[in-house]
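Since the structure comes first, as C-alpha cells, the remarks are kept for the end.
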Amino acid sequence: MDHSREGLITELGEMVAGSHSTVFFGGAGVSTESGIPDFRSDTGLYTIESGGKYPPEYMLSHSCFVNHPEDFFEFYRTKMLYPDAHPNDTHRALAKLERSGKVSGVVTQNIDGLHQMAGSNRVYELHGSVHRNYCMRCGAAYELDFILATEGVPHCAQCGGIVKPDVVLYEEALDDAVVSGALAAIREADVLIIGGTSLNVYPAAGMIHSFHGSHLVLINKSATPADSAADLVIHDSLGEVFAALL
C-alpha cells in the first residue's frame, strides 16, 4: 500500500469513484481556507477571545442572547459574520462531485453558507445559517444584509420584535428535521468522508456512529478521536486534498 500523499489521495479517489453514495461531514476546518477562523485551534476564536468581557462560549449562548442581547449582537457581528468570504477548493470540489452523482449529501457544522454558494444542493446545516434570520414575534424572514445594516439589537420592520439569527446557540437544541435528514444520508452512504473537524462537538460528532458503510475517511490536519476507526486517514490541508482529488 502506498502511504505517500499521492498514494493516499489516489486511494481516496478510488473509494469515491467506486461508491454509490458518498457523504461529506465537515467542521470549521472546511472554511478556514476561505478566511473564516475556526474555534478551538491555537489561532481559533475561543483562544484569541478568551480574555474578553465574557468567555466566547457564553457570548454564543442562548443565555447571553436573552440576558445581554447588545453584547451578543456586537460579538456576533464582529466575530461570526464574514460576508466577503468565498468558497474554496473543498466547497467547489464537493459541489462538482454532487453534480457528477458521487456525493449525495454534505453535513456541515458551519453556518457560513459557503457550500450552497459553491453549488451544493443537498446540505444539512446542523448549526443553522447566518443567511437566515427571523422575527421572534411575527416570524418575518430577513437576509444577512439586514443584520449587517443594523446596529445594536435588530428589530423587525413589521412588528418591532427582535430578529434572531437562525443559528443554533449553546444551550439550544439542533433542529430535528435537519438531524433526521443528516442521519438518513449518513446511514445510506457507503463512503463517509469526515473533514476539518476535531470531532469534539456533540451531539454533532456522535452522528458519525450512524455510519455502517464500506469506507470511513478522515481528512484533518491533526489527529481526531476517530482516526483509529477509519479506513483511510489523511493529515493534510482539505483544500489541497480535494483539489488533487479532482
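The values are calculated or read from the model by the stated rules, or taken from the named source; none is laboratory data. Predicted, not measured: the structure shown is a model, and the values here were computed from it. Using ideal geometry, Cβ is built from the backbone for each residue, glycine included, and neighbour counts are taken over all protein chains shown. Surface areas here come from the heavy atoms of the whole protein model, side chains and all, with no ligands, DNA or RNA. Shrake-Rupley method; radii C 1.70, N 1.55, O 1.52, S 1.80 Å.
Helices in the chain, meaning DSSP H runs of at least 4 residues, each add -39500 (n - 2.57). Divided by all residues, the mean residue ellipticity at 222 nm is -9000 deg cm²/dmol. About its Cα centre, how strong a charge dipole does segment 145-246 have in debye, to the nearest 20, once Lys and Arg get +1 and Asp and Glu get -1 at the Cβ? Approximately 100 debye in magnitude. For Ser4, the solvent-accessible surface with a 1.4 Å probe is about 40 Å², rounded to the nearest 10.
Extending 7 Å from the Cα toward the beta-carbon at both Val201 and Leu232 defines two label points whose distance is 2.5 nm. Of all segments of the chain bounded by GluC sites (Glu not before Pro) found in a DSSP loop with no more than 14 other C-beta atoms within 10 Å, the longest spans 1-142.
Would you mind working out the magnitude of the charge dipole of segment 88-220 relative to its Cα centre, with +1 at each Lys and Arg C-beta and -1 at each Asp and Glu C-beta, to the nearest 20 Debye? Could you put the intermediate results ahead of the total?
Working: 9 positive and 14 negative charges, 72 e Å.
It comes to approximately 340 debye.
Spin-label model, Met136 to Thr10: label points 7 Å out along the Cα-to-beta-carbon direction sit 5.7 nm apart. Among Asp175, Asp38, Asp84, the largest mean-square fluctuation in a Gaussian network model of the chain (Cα springs under 10 Å) belongs to Asp84.
DSSP beta bridges fully contained in the chain are about 25 percent antiparallel. Taking 7 Å steps out from each Cα toward its Cβ at Gln158 and Lys53 produces label points 3.1 nm apart. Between Gly119, His131, Leu144, the Cα set farthest toward the positive side of the dipole of segment 97-148 (charges on each charged residue's Cβ, about the Cα centre) is that of Gly119. Rounded to whole numbers, the Karplus 3J(HN,Hα) couplings from phi for segment 105-117 are x, 10, 9, 10, 8, 8, 10, 8, x, 6, 4, 5, 4 Hz, using 6.51 cos²θ - 1.76 cosθ + 1.60 with θ = phi - 60°, and x at Gly and Pro. Only Lys, Arg, Asp and Glu carry charge here, each on its Cβ (+1 for the first two, -1 for the last two); on that basis the chain has a dipole of about 380 debye about its Cα centre. By the rule of a C-alpha distance below 16 Å, with chain neighbours fewer than 8 residues away ignored, the lysines paired with Lys53 are Lys79.
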